[in-house]
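Remarks on the structure that follows.
The values are calculated or read from the model by the stated rules, or taken from the named source; none is laboratory data. The shown structure was predicted, so the numbers you read here are calculated from the model rather than taken from an experiment. Cβ atoms come from the backbone with ideal geometry, glycine included; neighbour counts cover every protein chain shown. Just so you know, the surface numbers come from the protein's heavy atoms only, side chains and all, with ligands and any DNA or RNA stripped out. Shrake-Rupley method; radii C 1.70, N 1.55, O 1.52, S 1.80 Å.
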Amino acid sequence: MVLELADGSLPVVRHWGTDLGELSTDDLSALTTAGRVAFFDSPFDVADAVPVLPEHARAWIGRPGVEGSRAGRHWSPVFRTTGPALASTTPDGTQRVVVRAADVAAYLEIELEIELHPGGLLRLRSTLTSTGGEDYVVGAVRHTLPVPEQADELLDFTGRHTYERIPQRQPFPAGVHSREVRTGRTGLDAVHLLCAGEPGFEARHGQVWAVHLGWSGNQQTYAERLHNGARLLGSGEALEHGEVRLSPGQSCTTPWMYAAHGTGLDEVTARFHAWLRSRPHAPTRPRPVTLNTWEAVYFGQSLERLTELADLGAEVGAERFVLDDGWFDGRRDDTTSLGDWTVSPDVWPDGLGPLIDHVHGLGMEFGLWVEPEMVSQDSDLARAHPEWLFAAGGRRGLDSRQQQVLDLGHPDAYAHVRDQLLDLLRTHEIAYLKWDHNRYLNDAGHAPGGEAGVRAHTLAAYRLMDELVAAQPGLEIESCAGGGGRVDLGVMERCVRVWASDCIDPLERQQIQRWTMALLPPGWVGTHVGSPRAHTTGRRHDLSFRAGTAIWGHLGIEWDLTSASPEEREELASWVAFHKAHRALLHEGVVVNGDHHDEAVRVHGVVSPDRDRALYSVAAVARPHTTGPGRVRLPGLDPARRYRVGVPSPGATPVLEGRGVVPWTREGLVLPGVVLTEVGLPMLPLLPEHSHLISAEETR
Ligand code: GLA
């Protein structure tokens, strides 16, 4: 990135993209001058690039960076810097620039922070301060980054419950393509990443520029193209009217906007992964194989049933046991009791102690499902404190899954739920919380006045997670929201895992995991082996495909193992053992995706950081369109090194079409990296909805 910090204005990005190497001061100033193109069809007498917070007063005619007013005045601020930009490098090598600026006439100050992580991830945020006059009502503070004209194709994501991260592509349109969230959570239909790239860009080719907002509340992420050729990617929080009102001396800080450039999407992904892996709370111990009780027993909890499940879980190699929904108060189905976070005396007459002891006795950690931001109308909490539930305009919002939202912006509501959770953590040895969030925060007003409350709630939810982790160091939190509805870098500042989807059908998971891991490293994404018949789709799959899909993330089991045959459990145990043997590579490796010519074939893998080992998955997600199976190219290997490739089969041998046995799958084969990456291996004739592995190990 080349950032111009000059003539008193906010920073202007003169280049964001391929590394230009070391440039002299003269080169940099020439580059800046060359960037000042003439607007030959411009209504203005000046021509200039757009600052990262675009200003109308500087010839920008699209969406402004700062919106707001003081009873109608000061709505078009123009910021002049108040001192030199402060540039520094932090101990981890992050380059940081802080710019302070003010619009004295509008009584506004802004502090803009821009950071470039050594892995190439960029992030920006601002703090806006009102310095005088009447209250300043903030409408928006949005950051933007310019992309060049060749970025002519957009990719972003949508989705729904059990079907997250559906990619959508389109040409970069004129005007604004804006993805907006007004549901108070990142969303099952989250934009996830907004990418602009060279037409046809894929995992391994085509330049791509991508942005992501690290925020779990209302937000907008957009691509904007003007008739003069300007193209931007931008994002910011979406504030409701009056949600942020700054009295003199008060400030508000935006969420971070993250951005990455790469040649091919895999390079963009690598920058996000490097960033997350470098965070102070990034897990340093192996991710424990998790047994989750939800699809095994649903609300049918009992000590006997769950100890039996725990025994079988431990037998196949699980290391963590997570008791899902249904353990508290009157919660025998999903109509009641959210908010009453005390152990049910009916289901657990002796408390959770006996189950936890049993789980620990088997050498597993214990984890618990909670949904602290939610409240059932039929709960002691809602009856005692109806004023703590969100209610805009004096009316309560619509129920969703028979539930309402506890407004954590109420200090007493916050303290109540915090104390209940702290009490649980104090009285039980709980290593892990699966933190769910099933209702939208739309129409969310703070009672009694009904003021918009999503922002305060989102910040309070973050604070609550932070307080719990501080009170119990080592506690791990998983972010779940009806599956993958809260997957963003804001919540990932305090969580170490996401539940990617309530759908664990491996066919759907091929796509859901591929795109969830475009942002999050594999070790941060929950991937479970479900029952032979997927509960959400009714499809049936062999264990080789279910496990062969689940081993690629933070592995778990969500299957009633008491209904599995001894042979199935034995095969599952082999997959778990294989995952454990390779989990350092699976979780810490560089994620690579093959650009296979046939949409029916998915190739992806991980390559060790020093490129001496790699593991790939080849999956037939439909019947290959082409006659003859074609070749599978293995991305990411060092072209100059030689690798021995093989087809490891932790469970049964892969199910292939026809009778052909390919000799090298038995004996292995040694080939140079360049051959494996550029020419590839002949593809094995896979049956649809099956997959197999390929390993590659450097040999000298
Ligand atoms: C949500 C979660 C599921 C499960 C249920 C429990 O839907 O995504 O994994 O925990 O709630 O009610």
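Some points to look at:
- Condition met for VAL487 (touching a residue at least 12 places away in the same chain (Cβ under 8 Å), over 18 Å from PHE366 (Cα atoms) and either in a loop (DSSP other than H, G, I, E, B) or within 16 Å of the ligand (Cβ to nearest atom) (or both)): yes
- Pairs meeting the criteria (first residue in the range 361-377 and basic (Lys, Arg), second residue open to solvent by 10 Å² or more (accessible area, probe 1.4 Å) and within 12 Å of the ligand (Cβ to nearest atom), beta carbons under 7 Å, at least 6 apart or on different chains) are lacking.
- Residue that is surrounded by the most Cβ atoms within 10 Å (Cβ to Cβ) [pool: residues in the range 91-110 that are in a loop (DSSP other than H, G, I, E, B) and in contact (Cβ under 8 Å) with a residue 12 or more places away in the chain]: TYR107
- Any hit, the range 534-542, residues being among the small types (Gly, Ala, Ser) and either under 18 Å from the mean Cα position of the chain (by Cα) or buried (at least 24 other Cβ atoms within 10 Å of the Cβ) (or both): no
- Selection status of ASP357, in a loop (DSSP other than H, G, I, E, B) and surrounded by fewer than 20 Cβ atoms within 10 Å (Cβ to Cβ): no
- The residue that is surrounded by the fewest Cβ atoms within 10 Å (Cβ to Cβ), counting only those in the range 69-90 that are among the small types (Gly, Ala, Ser) and more than 33 Å from the chain's Cα centre (by Cα), is GLY72.
- Screening PRO372 on (1) outside any helix (DSSP H, G or I); (2) within 16 Å of the ligand (Cβ to nearest atom); (3) surrounded by fewer than 21 Cβ atoms within 10 Å (Cβ to Cβ) shows it passes everything except condition (3).
- Any hit, the range 154-170, residues being among the hydrophobic types (A, V, I, L, M, F, W, C), in a loop (DSSP other than H, G, I, E, B) and in contact (Cβ under 8 Å) with a residue 12 or more places away in the chain: no
- Test: residue in the range 599-606 that is over 22 Å from THR516 (Cα atoms), open to solvent by 20 Å² or more (accessible area, probe 1.4 Å), modelled with pLDDT of 95 or more and not assigned by TED's automatic domain parsing to the domain that holds LEU265: no
- Residue in the range 284-300 that is within 16 Å of the ligand (Cβ to nearest atom), of a type in the set (Asp, Glu) and buried (at least 19 other Cβ atoms within 10 Å of the Cβ) present: yes
- In the range 315-351, the residue that is farthest from ARG497 (Cα to Cα) out of those that are touching a strand residue (DSSP E or B) at 6+ places or on another chain (Cβ under 8 Å) and more than 16 Å from the ligand (Cβ to nearest atom) is GLY351.
- Checking each residue in the range 490-517 for being away from the ligand (no atom under 16 Å from the Cβ) and either small (Gly, Ala, Ser) or in contact with a Pro (Cβ under 7 Å, 6 or more places away or on another chain) (or both) picks out GLY490, VAL496, TRP515.
- Of all the listed residues (GLY217, GLY249, GLY200), the sole one being within 22 Å of THR516 (Cα to Cα), in a loop (DSSP other than H, G, I, E, B), open to solvent by 10 Å² or more (accessible area, probe 1.4 Å) and at pLDDT 95 or above is GLY200.
- Extreme residue, farthest from the chain's Cα centre (by Cα), among residues of the range 421-450 that are open to solvent by 30 Å² or more (accessible area, probe 1.4 Å) and acidic (Asp, Glu): ASP423
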